[in-house]
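For reference, the structure discussed in these notes is given below.
Here, each number is a calculation from the coordinates, and none is a lab measurement. Everything numeric in this text was worked out from a predicted model, so none of it was measured. Note that we place each Cβ from the backbone using ideal geometry, even for glycine, and neighbour counts take in every protein chain shown.
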């Protein structure tokens, strides 16, 4: 390693060289970059002092910003140091938009179902507000838009209501939940199941074997009338489905490609029965939220 002399006009080096010609240039950082770096350090220190920031033991620096008082979900006033979560909670209750929303919400919840339905502005507000409630609480089962899942969760847009489609019926379903049960009929012979499936398909206008359907009608009268009724139009008091409307909530008849596949879908329901449970939402949602959801769900399928 030898010393290298600096001549005017040449690139400045540190004055050291290795292996004769390997030199280390001396290029200091630009002055503006150095001052910008110092500024970021100062900014970080000031930020740590003003805002909640650095961990400290089992807690953290709370900052020196003013405290915030807000109302929590239980309606209790909470006073805490400034932080973005508390600021959001405060704005959700006290911002101009939140105040206007609260006022309109009070107007809607104080109105009757018929008054809401007849007022375009109240219906627009209800749909907008309740769409979020539906997405948070109902869409996991009934899917976005309420289209449901055949075999698991009813479709809410087809205007076929297992428990009735009036505002009162829908409110009761949301508030108290529902339990849908159909016993299995695996004790029936294979022929009886086959004939019964033909008859059930004939009720909704499918082309079937008439002789089998006639035999299946006798099986239906002996086993199914108590719930589905002599006319097979169901019973909303117990959630028994209407078998004449071509709407299928459990047997995936629409997805079957031919008559045999449709019969297989129906025979699976005959063999296995139905057991499904919709939870009650009275303990999870407020009465006002249930009312808004009732109007929203009613509007999805046209209601009754």
Tilt, helix 210-223 to longest principal axis of the chain (alpha-carbon atoms), in degrees rounded to tens, equals 80
List the extent of the Cα atoms of segment 247-304 along each of their three principal axes, largest first, rounded to whole Å. 48, 24, 16
Give me the distance between the Cα centres of segment 243-266 and segment 175-230, rounded to whole Å. 12
Compute the angle between helix 190-203 and the longest alpha-carbon principal axis of the chain, please, reported from 0 to 90 degrees and rounded to the nearest 10. 80
By average Cβ neighbour count within 10 Å, what is the ranking of 218-225, 192-199 from highest down? 192-199, 218-225
Hull surface divided by four, with the convex hull built on the Cα atoms of the chain: how many nm²? 33.7
How many times 2.2 N^0.38 Å is the alpha carbon radius of gyration of segment 181-277? 0.97
Any chance you could give the angle, 0 to 90 degrees and rounded to 10, that helix 259-272 forms with the longest Cα principal axis of the chain? 90
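Per DSSP H run of at least 4 residues, take -39500 (n - 2.57); add these up for the chain, divide by its residues and hand me the 222 nm value, nearest 500 deg cm²/dmol.
Computed mean residue ellipticity for the chain: -14500 deg cm²/dmol.
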